[in-house]
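Colleague: Quick one: this structure, given as structure tokens, is what I'll be asking you about.
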Amino acid sequence: MLLLALDTATPAVTVALHDGTDVIASSSQVDARRHGELLLPAVDRVLAEAGLKLEAVTGVVVGTGPGPYTGLRVGLMTADTFGLALGVPVYGLCTLDALAYAADIEKGPFVVATDARRKEVYWAKYADSRTRLTGPAVDRPADIAEQVAGLPAVGAGALLYPDTFPSAHEPEHVSAAALASLAAEQLAAGEEIPVPRPLYLRRPDAQVPKNYKVVTPK
């Protein structure tokens, strides 16, 4: 097994290789505006670090969000392209699940929250690092304060709003190393991982202007 994992659902552009036993190479850069520019060089970098060619990959794992439309699609389209080119399966995992896995909290409940912009967070509640109880959802922190009161929290969204998440701590961003490790664990256990389906949770920022005037040739 050689899994190539990548995620662009958060400001982190993150890539990793997993050989079925351990992560053998990884790369993460935080830059919310350069997902498309940074992703493929990161793939080349982890392959070079591992001393392997892309053709050695037997499966691709991609974070499905939730996340902003543009950034999320970079990872999803890249994963699909690799899958088609290599003839290997492409697996989709919730980005929040990978953050929960990296948090390594044995006993919950706890919350994972990422920055959704517009003064909102993408969030979900977990029983432990492998078991999601609710979500994912997108809400204003104040609107979910009662639901998350007293719970530990991880993720950039939780760190941004200490009034709602006073017990927030790292990890701040998702890592493809955690994404790959979670997928490898599930595959080894015989669990079925679905094909990628993006978790946008809301409409994209780009909208057709209202009262758009159609111009027709004379």
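The values are calculated or read from the model by the stated rules, or taken from the named source; none is laboratory data. Since the structure is predicted, the reported quantities are computational estimates derived from the model, not experimental observations. Methodologically, a virtual Cβ is constructed for each residue, glycine included, from the backbone with ideal geometry; neighbour enumeration extends over all protein chains shown.
Colleague: Specify which of the listed residues (PRO198, PRO194) is touching a strand residue (DSSP E or B) at 6+ places or on another chain (Cβ under 8 Å) and either touching a residue at least 60 places away in the same chain (Cβ under 8 Å) or assigned to a loop (DSSP other than H, G, I, E, B) (or both). Working first, answer last.
Modeller: Working: PRO198 fails: touching a strand residue (DSSP E or B) at 6+ places or on another chain (Cβ under 8 Å).
Criteria check complete, one pass: PRO194.
Colleague: Please indicate, with yes or no, whether at least one residue in the range 34-46 is in a loop (DSSP other than H, G, I, E, B) and more than 12 Å from the chain's Cα centre (by Cα). Full working, then the answer.
Modeller: Filtering the range 34-46 for residues in a loop (DSSP other than H, G, I, E, B) gives 34.
From what is left, the residues that are more than 12 Å from the chain's Cα centre (by Cα) are 34.
Yes - at least one qualifying residue is present in the range 34-46.
Colleague: Sticking with this one: Considering only residues that are of a type outside the set (A, V, I, L, M), more than 15 Å from LEU6 (Cα to Cα) and modelled with pLDDT of 95 or more, which ones fall in the range 32-61? Show your work before the answer.
Modeller: Start the filter on the range 32-61 by keeping residues that are of a type outside the set (A, V, I, L, M), which leaves 33-37, 41, 44-45, 49, 51, 53, 55, 58-59.
Okay, now just the ones that are also more than 15 Å from LEU6 (Cα to Cα), so 33, 49, 51, 53, 55.
Residues satisfying the conditions are GLU49, GLY51, LYS53, GLU55.
Colleague: Here is a further query. Confirm whether LEU182 is under 16 Å from THR95 (Cα atoms), part of a loop (DSSP other than H, G, I, E, B) and under 17 Å from the mean Cα position of the chain (by Cα). Can you show your working first?
Modeller: On the way: under 16 Å from THR95 (Cα atoms): yes; part of a loop (DSSP other than H, G, I, E, B): no; under 17 Å from the mean Cα position of the chain (by Cα): yes.
Judged against the criteria, LEU182 is not a match.
Colleague: For ARG33, are the conditions met, namely being within 18 Å of THR114 (Cβ to Cβ), surrounded by 15 or more Cβ atoms within 10 Å (Cβ to Cβ) and charged (D, E, K, R)?
Modeller: Numbers: within 18 Å of THR114 (Cβ to Cβ): yes; surrounded by 15 or more Cβ atoms within 10 Å (Cβ to Cβ): no; charged (D, E, K, R): yes.
Here the answer is no, as ARG33 does not meet what is asked.
Colleague: Does any residue of the range 17-25 turn out to be at pLDDT 95 or above, assigned to a helix (DSSP H, G or I), touching a Leu at 6+ places or on another chain (Cβ under 8 Å) and not basic (Lys, Arg)?
Modeller: no
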